[in-house]
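Trainee: Sending over a structure as structure tokens; questions will come in a sec.
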Amino acid sequence: MTPEGHERDVKLMTPLTLENIADSAIAEGLASREEIEAAVGELYELAADRTTLLAFPRIVQAWGYGPVNSGTSTGQSVASSKPG
């Protein structure tokens, strides 16, 4: 799948994503339920419109290791959690 959507199924990622994060966005005070519902409705209309193109960012997950601590033979994973 490419990050731009020409087909309706690909373009549905945008309104579906907003629907799925709606409760979190509302809880954080980023938007009201009414604002989310209006935006989701508009995004579904855009997805159905054959003349529109919707795009979403590429998302990349990367892993790495920090520097080797003195007295140990391996680095610690950057993504690991450290005890309190």
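The values are calculated or read from the model by the stated rules, or taken from the named source; none is laboratory data. Bear in mind the structure is a predicted one, so any value in this text is a computation, not a measurement. Note that each Cβ is placed from the backbone with ideal geometry, even for glycine, and that neighbours are counted across all protein chains shown.
Trainee: Could you check the stretch 47-65 and list, in sequence order, the residues that are over 19 Å from the mean Cα position of the chain (by Cα) and either assigned to a helix (DSSP H, G or I) or of a type in the set (Phe, Trp, Tyr) (or both)?
Mentor: Once the filter is applied, which keeps residues that are over 19 Å from the mean Cα position of the chain (by Cα) and either assigned to a helix (DSSP H, G or I) or of a type in the set (Phe, Trp, Tyr) (or both), the stretch 47-65 yields Ala48, Tyr65.
Trainee: Against the definition (of a type outside the set (Ser, Thr, Tyr), at pLDDT below 75 and on the phi > 0 side of the Ramachandran plot), how does Gly29 come out, yes or no? Break it down into steps so the answer makes sense when it comes.
Mentor: Values: of a type outside the set (Ser, Thr, Tyr): yes; at pLDDT below 75: no; on the phi > 0 side of the Ramachandran plot: yes.
No, not satisfied.
Trainee: Note down all Cβ pairs under 6 Å where the first residue falls in the stretch 23-37 and is touching a residue at least 24 places away in the same chain (Cβ under 8 Å), the second is assigned to a helix (DSSP H, G or I), and they're at least six residues apart or on different chains.
Mentor: Listed pairs, sorted by first residue: none to list.
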